[in-house]
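Q: One structure, as structure tokens, below. Some questions next.
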Amino acid sequence: QVQLVESGGGSVQAGGSLRLSCAASGYTYSSNCMGWFRQAPGKEREGVAAIYTGGGSTYYADSVKGRFTISQDNAKNTVYLQIHSPEVEDTARYYCAAESRSGWCTSDDYNYWGQGTQVNVSS
């Protein structure tokens, strides 16, 4: 059974930083995609970053490029999202996802999803 568990959310001020983690179990971690998504109240879910676990290629939404970094630790079956330059507009619930159905890491259609972790950014 596949399980994705996010952690690391919380409150942070603009100018601070925080790192989100997603630990995967029951999943063939290598040679596929892991993604981070977010959803704010009244907004549609949007992809923010993704990584190809087989080779390490990364992808970012324009809105977070240069401010977020996605990375992985294959030994721990864990993917991270470093929010190093948060802005108030980044406030949302963040979800990790595994295994793109299309094989494209920039897809919004993944097979498995975590429960989400809340990130609140204040000025």
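The values are calculated or read from the model by the stated rules, or taken from the named source; none is laboratory data. Predicted model only: the values in this text are computed from it and were never measured. With ideal geometry, Cβ positions are generated from the backbone for all residues, glycine too; neighbour counts draw on all protein chains shown. Each accessible area value is taken on the protein alone, full model and side chains, heavy atoms only, with ligands, DNA and RNA left out. Shrake-Rupley method; radii C 1.70, N 1.55, O 1.52, S 1.80 Å.
Q: Using 0.36 nm per residue, how much length does the chain from residue 89 to residue 74 gain when fully extended, once their Cα-Cα distance is taken away?
A: Numbers: separation 15, 0.36 × 15 = 5.40 nm, distance 3.07 nm.
Length gained, residue 89 through residue 74: 2.3 nm.
Q: Over the chain, what is the percentage of antiparallel beta bridges among all DSSP beta bridges, to the nearest 5? Display every interim value, and only then the final one.
A: Working: 38 of 42 bridges.
Here the share of antiparallel DSSP bridges comes out near 90 percent.
Q: Given a 1.4 Å probe and every protein chain left where it sits, what share in percent of the accessible area of the chain is carbon and sulfur?
A: C and S atoms contribute 43 percent here.
Q: Give me the accessible area per residue for the chain, probe 1.4 Å, as a whole number in Å². Provide the component values of the computation, followed by the final result.
A: On the way: 6300 Å² over 123 residues.
Per-residue accessible area for the chain comes out at 51 Å².
Q: Which loop-located chymotrypsin sites (Phe, Trp or Tyr not before Pro) does the stretch 23-113 contain, where loop means any DSSP state but H, G, I, E or B and the Cβ has at most 14 other Cβ atoms within 10 Å? Display every interim value, and only then the final one.
A: On the way: sites: 27, 29, 36, 37, 52, 59, 60, 68, 80, 94, 95, 104, 110, 112, 113; in loops: 27, 29, 104.
Answer in residue order: 104.
Q: Would you list the P(r) distribution for the chain, with all Cα-Cα distances sorted into 10 Å bins from 0 and each bin expressed as a whole %?
A: 15, 50, 30, 5, 0
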